[in-house]
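What follows is one structure encoded as structure tokens, with my remarks underneath.
The values are calculated or read from the model by the stated rules, or taken from the named source; none is laboratory data. Remember, it's a predicted structure, so these values are computed and weren't measured experimentally. Virtual Cβ from ideal backbone geometry, glycine too; neighbours counted across all protein chains shown.
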Amino acid sequence: MTVNTLILGLQWGDEGKGKIVDALAETSEAVCRFQGGHNAGHTLKVDGEQKVLHLVPSGILHPSVHCVLGNGLVISLPALEKEIVELEQSGINFDGRFYVSGDCSLILPTHIAIDQVRDKSEGIGTTGRGIGPAYEDKVARRAIRFGDLQDWQALQPRLEKLIAYHNKVLVHLYDADPVPLETVIDELRAHQHLFQKFHCATQTLLRGWVKENKKIIFEGAQGSMLDIDHGTYPYVTSSSTTAGGLSTGLGVGPKHIGSILGITKAYTTRVGEGPFATELFDENAAQLAKIGHEVGATTGRPRRCGWLDLKALETIVFINSVTSLCLTKLDVLDGFKEIKVCTDYDDDGSPIYTTLPGWEQDISGIKEFDALPKSAQDYILFIEDFLESSIDIVSVGPSRDQTIYRN
Ligand code: IMP
């Protein structure tokens, strides 16, 4: 049995994956991302200091852990550079342990311009990072990839054609300003050193590691309900955020995934537009938002809040072949007298709730399941029972030590 673990968010992102990946990375040899880009935002609290990572896998904080950005990502070179510089300034070393696939599609300034201007009319509420337009070019087979930075002569005519096309879209479809070709070329040239330093045939690297039985974490970004195929389309991101995305986004087949850890908050949040059956608009929503600090890590937008939707999670657990669960931010429910969970929908699609008693006490310092108040234990057991999957990890606060490990 392979020792590798896939870690996925099961909701609309922001489930607290960063903290869990960070904790599990301590005993791993590599952490690899397989989809998305710098639309992700992993907030970690390490030694009392808050760190937000967008592109670099959370494993980078552990000096002996190798980190990979697989072929399935879309990469903004300035965003990558900024993150590396900031992390290096806080003493983190990237040399010989950070690898970027040459097959990653690049996010260009025109992608960002198109994303921002288009979202105004389409109203998905994207992060405005150019993610969708970059994936469009990938699928349309005209993307500029990280590995293309090796050969400027071959790249130049392709770039000219692509930027001319993007500018037609900007000017004629959206009545927006064009982006000068030189701006794009300058940006790519200014970051050429990233290619020299971090470019890698990551599929081959990964194959070697798998054969050597290295302990690898595959780190999902965003959440399953934002999946381009299985999410709340069209209010989704443009990548495969579910388990299937790992094999295409890193070139590692499914049999090399040992376990699949699905992460869900003890309630639900969503940033951006789109359906959210259990969304609350009352004082409970305000309480969840306030206690849970529910503000987007990437865009700073307030997150919409609601009760846990077990009916939706049931489907997502199946799609991902989840082998065990991690429940995060359970402490945010500390002040509630009653807690609701959606266990079905009526004919109109409205949630049908089961009401469970709250515990009305601070659990943020508790380290063991048995020490939790009875109603908190019952809440966990109810979810476990409904989803037919064991909850092995419970997070009761942002710090590494505010984590209860069960099985
Ligand atoms: P995009 O990924 O920027 O195209 O945005 C599409 C949708 O996914 C929007 O609703 C975003 O708010 C959402 N989204 C993208 N990345 C994240 C994330 O890391 N956490 C939460 N929502 C996200």
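Structure values in brief
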{"read-out": "Gly208 touching a Lys or Arg at 6+ places or on another chain (Cβ under 8 Å) and in the same structural domain as Ser58 (by TED's automatic domain parsing)", "value": "no"}
{"read-out": "Answer from His193, His172, His166 - the residue that is away from the ligand (no atom under 16 Å from the Cβ) and closer than 29 Å to Leu226 by Cβ", "value": "His166"}
{"read-out": "Selection count, region 266-287, where residues are away from the ligand (no atom under 16 Å from the Cβ) and crowded, with 17+ Cβ neighbours inside 10 Å", "value": "5"}
{"read-out": "Hey, Ile393 away from the ligand (no atom under 16 Å from the Cβ) and either surrounded by 18 or more Cβ atoms within 10 Å (Cβ to Cβ) or part of a loop (DSSP other than H, G, I, E, B) (or both) or not", "value": "yes"}
{"read-out": "Sole residue being of a type in the set (S, T, N, Q), crowded, with 18+ Cβ neighbours inside 10 Å and not in a helix (DSSP H, G or I), chosen from Thr232, Thr237", "value": "Thr237"}
{"read-out": "Number of the exception - Asp344 against (1) modelled with pLDDT of 95 or more; (2) surrounded by 13 or more Cβ atoms within 10 Å (Cβ to Cβ)", "value": "(2)"}
{"read-out": "Any hit, region 350-362, residues being modelled with pLDDT of 95 or more, touching a Pro at 6+ places or on another chain (Cβ under 9 Å) and assigned to a helix (DSSP H, G or I)", "value": "no"}
{"read-out": "Scan of region 134-151 for residues that are small (Gly, Ala, Ser) and more than 21 Å from the chain's Cα centre (by Cα), ordered by number", "value": "Ala140, Ala143, Gly147"}
{"read-out": "Some residue of region 291-298 being within 16 Å of the ligand (Cβ to nearest atom) and over 19 Å from Gly397 (Cα atoms)", "value": "yes"}
{"read-out": "Residue count, region 319-378 (criterion: of a type in the set (Asp, Glu), closer than 30 Å to Ser240 by Cα and within 28 Å of the chain's Cα centre (by Cα))", "value": "1"}
{"read-out": "Some residue of region 116-128 being more than 23 Å from Gly272 (Cα to Cα) and either assigned to a loop (DSSP other than H, G, I, E, B) or in contact (Cβ under 8 Å) with a residue 40 or more places away in the chain (or both)", "value": "no"}
{"read-out": "Lone unmet requirement of (1) under 20 Å from Pro178 (Cα atoms); (2) more than 15 Å from the ligand (Cβ to nearest atom); (3) buried (at least 21 other Cβ atoms within 10 Å of the Cβ); (4) not assigned by TED's automatic domain parsing to the domain that holds Tyr174 for Pro78", "value": "(3)"}
{"read-out": "The lone exception for Thr299 - which of (1) closer than 30 Å to Thr127 by Cα; (2) in a loop (DSSP other than H, G, I, E, B); (3) in contact with a Gly (Cβ under 6 Å, 6 or more places away or on another chain) it fails", "value": "(3)"}
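Residue-wise test of (1) modelled with pLDDT of 95 or more; (2) within 19 Å of the chain's Cα centre (by Cα).
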site: Val3; (1), (2): no, no
site: Leu8; (1), (2): yes, yes
site: Leu24; (1), (2): no, yes
site: Gly48; (1), (2): no, no
site: Gly59; (1), (2): no, yes
site: Val68; (1), (2): yes, yes
site: Gly72; (1), (2): yes, yes
site: Ala79; (1), (2): yes, yes
site: Gly96; (1), (2): yes, no
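Results for (1) crowded, with 21+ Cβ neighbours inside 10 Å; (2) over 22 Å from Ala201 (Cα atoms), shown as yes or no for each residue.
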position	(1), (2)
Arg97	no, no
Ile107	yes, no
Gly128	no, yes
Pro133	yes, yes
